[in-house]
Amino acid sequence: MCGIVGYTGSGSATNVLVSGLKRLEYRGYDSAGVALELADGSTPGCVLDVVRSTGKVAGLEEELEAHHSNATCGIGHTRWATHGRPSVKNAHPHTSCDGRIAVVHNGIIENFAELRDELKSRGHQFKSETDTEVFAHLIEEAYDRHRAEPDALMAAVREACTFVVGAYGLAVVCADEPGTIAVARKDSPIVVGCGPDGSYVASDVIALIDATRDVVVLEDGQFACLTPQGIEYTDEQGRSIRPQVTHIDWDIDMAEKGGYPDFMLKEIFEQPRVVRDTLVGRLAPTGELDIDELGLTYEQLDVIDRVYVIACGTSYHAGLIAKNLIEGWARIPCEVEAASEFRYRNPIITPSTLVVAVSQSGETADTLAAIRDARIKGAKVFGITNVVGSPVARESDGVIYTKANKEIAVASTKSFIGQVVSLTLLALLLGQVKGKLTTAQVRMLFHELGDTAEQIQWVLDTQKEAVHEAALACKDARSALFVGRGMGAAISNEGALKLKEISYLHAEAYAAGEMKHGPIALIDPGFPVIAVATKSPTYDKTVSNLKECEARGARIIAVATEGDEDIRKVADHVIYVPAVRDALSAITATVPLQLLAREVAILRGCDVDQPRNLAKSVTVE
């Protein structure tokens, strides 16, 4: 969710770092910083000039203009906050007590609290609220033990990594070893490469594309030592290894898309990471949910007796899913309102009302207007948004950030999944505060929620052909019907919206039980009916409704639970998803519908990233 860039060579480190950070800004933009090595004639080493700022990289660039640095080695980072609020003190790079070691880090240190306490007990002084700073102090201690060795910095980094539980992509510089960058990777992407002017490291190949086309993607447990002369690779024991070199033949447009043909597909494939990132640090060791941006006390939440979810478009459909969860787990009445209508119908709002505003951009005009109206009437307001510091975040009492990073394609995919995961966390929290869910139940549901990341990946890895065959059945249609029951009905709304907005094929969504009350009149031979028919308490009812469609010649496409062969008796095409608790089924079952919409659009010759008449952010009423 953050971006790393490092450079050592004969060129300007400042220029390389700023350029690379701008390329990576889509990965996070609440703060940015660099550590530059400056020559110091009084010592055999150098000094580290650490410059950090909040906001976007442009702000950092302005700060650096006053430094006039001729540094040829440095590391940089653009951050999206996990541990610690966005601020200068929490921005990377983080330094050791003596300021001679600087670290940039992507990932999460799961045992940072105990490591921090241990390091404090040994005299280390912490300057930030981040988990990353632990690395700076661990490396500082290890460096003192390895100082006499020829590769002291690399040895110190390898040792420090043995104490850390979690994920890391890491780049480190030390004032005592000018021109050297130590790099490590575990479960967080790191790419390195050599160009004519030096050696480079980044968290994404897009930052290196101008410097080199031959890169090494480090594997877990691999380390790299960068110098102006080249790169040496080692394993966890310090043994030399020869990694595989990958040649990148993408142009810059493809590089920004990560090698995918379009942003929409790239963002669909990023959804497992979105689930993981949105959940990072959200469960305390005691089993209680930990939402540091909450802004509301448990006492304030406990008096809530009514919830409104207000949103537009895709975010509205996330709200429909949240309604099922909030009412089911917290037993609080929940209504979902189109933000554009909410403030015009004089809704019943009291000081015990919670208004949950959902907006990908955090600047949707209708949603902001509804927030302001709700606050005037005394409601507590909670925001779900993807943009740190956005108007929705600023004007809410509390917020959960979806950690989807920048979304380019107009049709929302990963932001929707991030919203559903965030709303699920809110529903769990309300259930916990209201005493309707025990700590053990919250812990179990939280871990099952985390498992959906792997389940999404399974769909992406195995269902490509099934999606293509289903899309062929839809591409020449003039209209389509999406149906489901319970949670499936809410998911169907999002599936229909995705299909219509990027393929221009008319689509409607209905609760499957409503078929006989009008929609069945649409069905004639070959008419596509897309059903969310995963295993649930209403599965048999849904199948019965599909048989009614089958009898009238509909071509049925079912999203079904892996291993369900009976569904093939009624469906012409089946796209499978892994078995999952019905309450969490929206996260997995939505993915095939996203893929289906995209495939139909491509077959129909449509631009999936920029559909006609639509904008990414709607900032006018």
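Considering (1) surrounded by 13 or more Cβ atoms within 10 Å (Cβ to Cβ); (2) modelled with pLDDT under 95; (3) under 21 Å from the mean Cα position of the chain (by Cα), the lone condition that residue 268 does not fulfil carries the number (2).
Selection of region 156-174 for residues being out of contact with any strand residue (DSSP E or B) (no Cβ under 7 Å at 6 or more places or on another chain) and crowded, with 20+ Cβ neighbours inside 10 Å yields 156, 160. Against the condition modelled with pLDDT under 95 and over 18 Å from residue 283 (Cα atoms), how does residue 471 come out, does it pass? So residue 471 does not fit the description; no. From the list 496, 521, 490, 511, pick out the single residue that is touching a residue at least 40 places away in the same chain (Cβ under 8 Å) and among the small types (Gly, Ala, Ser). Selected residue: 490, the only one of 496, 521, 490, 511 that is touching a residue at least 40 places away in the same chain (Cβ under 8 Å) and among the small types (Gly, Ala, Ser). The set of residues from region 40-58 being within 29 Å of residue 85 (Cβ to Cβ) and in a loop (DSSP other than H, G, I, E, B) comprises 55, 56. Just one of (1) of a type in the set (A, V, I, L, M, F, W, C); (2) touching a Ser or Thr at 6+ places or on another chain (Cβ under 9 Å); (3) in contact (Cβ under 8 Å) with a residue 40 or more places away in the chain fails for residue 381. It is (3). Just a yes or no: is a residue in region 175-185 farther than 24 Å from residue 70 by Cα, surrounded by fewer than 21 Cβ atoms within 10 Å (Cβ to Cβ), within 27 Å of the chain's Cα centre (by Cα) and at pLDDT below 95? Scanning region 175-185, I find no residue that is farther than 24 Å from residue 70 by Cα, surrounded by fewer than 21 Cβ atoms within 10 Å (Cβ to Cβ), within 27 Å of the chain's Cα centre (by Cα) and at pLDDT below 95, so the answer is no.
Quick one: is residue 439 buried (at least 16 other Cβ atoms within 10 Å of the Cβ), among the hydroxyl-bearing types (Ser, Thr, Tyr) and touching a helix residue (DSSP H, G or I) at 6+ places or on another chain (Cβ under 8 Å)? Taking the combined requirement at face value, the residue does not satisfy it. Exactly one condition in (1) assigned to a strand (DSSP E or B); (2) within 21 Å of residue 143 (Cβ to Cβ) is false for residue 5; which is it? Result: residue 5 fails condition (2) only.
Looking across region 279-320 at every residue that is assigned to a loop (DSSP other than H, G, I, E, B) and acidic (Asp, Glu), the one that is farthest from residue 167 (Cα to Cα) is identified as 305. When restricted to residues that are in a helix (DSSP H, G or I) and among the small types (Gly, Ala, Ser), region 368-415 contains 5.
Return a yes/no flag: does region 295-303 have any residue that is more than 23 Å from residue 187 (Cβ to Cβ), at pLDDT 90 or above and either buried (at least 20 other Cβ atoms within 10 Å of the Cβ) or touching a Pro at 6+ places or on another chain (Cβ under 6 Å) (or both). Yes, there is a match, as at least one residue in region 295-303 is more than 23 Å from residue 187 (Cβ to Cβ), at pLDDT 90 or above and either buried (at least 20 other Cβ atoms within 10 Å of the Cβ) or touching a Pro at 6+ places or on another chain (Cβ under 6 Å) (or both). Restricting attention to region 343-371, the residues that are within 25 Å of residue 416 (Cβ to Cβ) and either under 29 Å from the mean Cα position of the chain (by Cα) or modelled with pLDDT of 90 or more (or both) add up to 18. Filtering region 560-583 to residues that are in contact (Cβ under 8 Å) with a residue 60 or more places away in the chain and of a type in the set (Val, Ile, Thr) leaves 574, 575, 577, 580.
Among the residues examined, residue 171 does not qualify as touching a helix residue (DSSP H, G or I) at 6+ places or on another chain (Cβ under 6 Å) and either of a type in the set (D, E, K, R) or assigned by TED's automatic domain parsing to the domain that holds residue 112 (or both). Kindly indicate whether any position in region 93-102 is aliphatic (A, V, I, L, M), in a loop (DSSP other than H, G, I, E, B) and either in contact with a Leu (Cβ under 6 Å, 6 or more places away or on another chain) or surrounded by 19 or more Cβ atoms within 10 Å (Cβ to Cβ) (or both). There is no residue in region 93-102 that is aliphatic (A, V, I, L, M), in a loop (DSSP other than H, G, I, E, B) and either in contact with a Leu (Cβ under 6 Å, 6 or more places away or on another chain) or surrounded by 19 or more Cβ atoms within 10 Å (Cβ to Cβ) (or both).
If we scan region 327-335, do we find a residue that is of a type in the set (Val, Ile, Thr) and under 23 Å from residue 362 (Cα atoms)? Scanning region 327-335, I find no residue that is of a type in the set (Val, Ile, Thr) and under 23 Å from residue 362 (Cα atoms), so the answer is no.
Of all residue pairs spaced 6 or more apart or on separate chains, those with beta-carbon atoms under 6 Å, a first member in region 192-218 that is farther than 16 Å from residue 243 by Cα and in the same structural domain as residue 74 (by TED's automatic domain parsing) and a second member that is surrounded by fewer than 20 Cβ atoms within 10 Å (Cβ to Cβ) and acidic (Asp, Glu) are 206/256.
Against the conditions (1) surrounded by fewer than 22 Cβ atoms within 10 Å (Cβ to Cβ); (2) within 18 Å of residue 13 (Cβ to Cβ); (3) within 24 Å of the chain's Cα centre (by Cα), residue 58 satisfies every one except (2).
The residue list 167, 182, 171 contains one member that is in a strand (DSSP E or B), in contact with a Cys (Cβ under 7 Å, 6 or more places away or on another chain) and in contact (Cβ under 8 Å) with a residue 40 or more places away in the chain, which is 182.
Checking 330, 339, 369, 311 one by one, the residue that is crowded, with 24+ Cβ neighbours inside 10 Å, assigned by TED's automatic domain parsing to the domain that holds residue 444 and touching a residue at least 60 places away in the same chain (Cβ under 8 Å) is 330 and no other. For region 218-230, the set of residues classified as surrounded by fewer than 20 Cβ atoms within 10 Å (Cβ to Cβ) and over 20 Å from residue 166 (Cβ atoms) consists of 227, 228, 229, 230, listed by residue number. So is residue 457 surrounded by fewer than 21 Cβ atoms within 10 Å (Cβ to Cβ), closer than 26 Å to residue 608 by Cβ and modelled with pLDDT of 95 or more or not? Answer is yes for this residue. Filtered by the rule that a residue be surrounded by fewer than 23 Cβ atoms within 10 Å (Cβ to Cβ) and over 23 Å from residue 204 (Cα atoms), region 394-424 gives 394, 395, 397, 398. Note on region 518-609: enclosed strands (runs of 3 or more DSSP E) holding 1 or more residues that are surrounded by 21 or more Cβ atoms within 10 Å (Cβ to Cβ) and touching a His at 6+ places or on another chain (Cβ under 7 Å) are 555-561. For residue 226, the criteria (1) under 26 Å from residue 145 (Cβ atoms); (2) touching a helix residue (DSSP H, G or I) at 6+ places or on another chain (Cβ under 9 Å); (3) of a type in the set (A, V, I, L, M) hold in every case but one, which is (2). For the condition in contact with a Gly (Cβ under 6 Å, 6 or more places away or on another chain) and modelled with pLDDT of 95 or more, residue 200 qualifies. Going through (1) touching a residue at least 40 places away in the same chain (Cβ under 8 Å); (2) of a type in the set (Asp, Glu); (3) in a strand (DSSP E or B) one by one, residue 61 falls short only on (3).
The values are calculated or read from the model by the stated rules, or taken from the named source; none is laboratory data. What you see is a predicted model; the values in this text were computed from it and never measured. With ideal geometry, Cβ positions are generated from the backbone for all residues, glycine too; neighbour counts draw on all protein chains shown.
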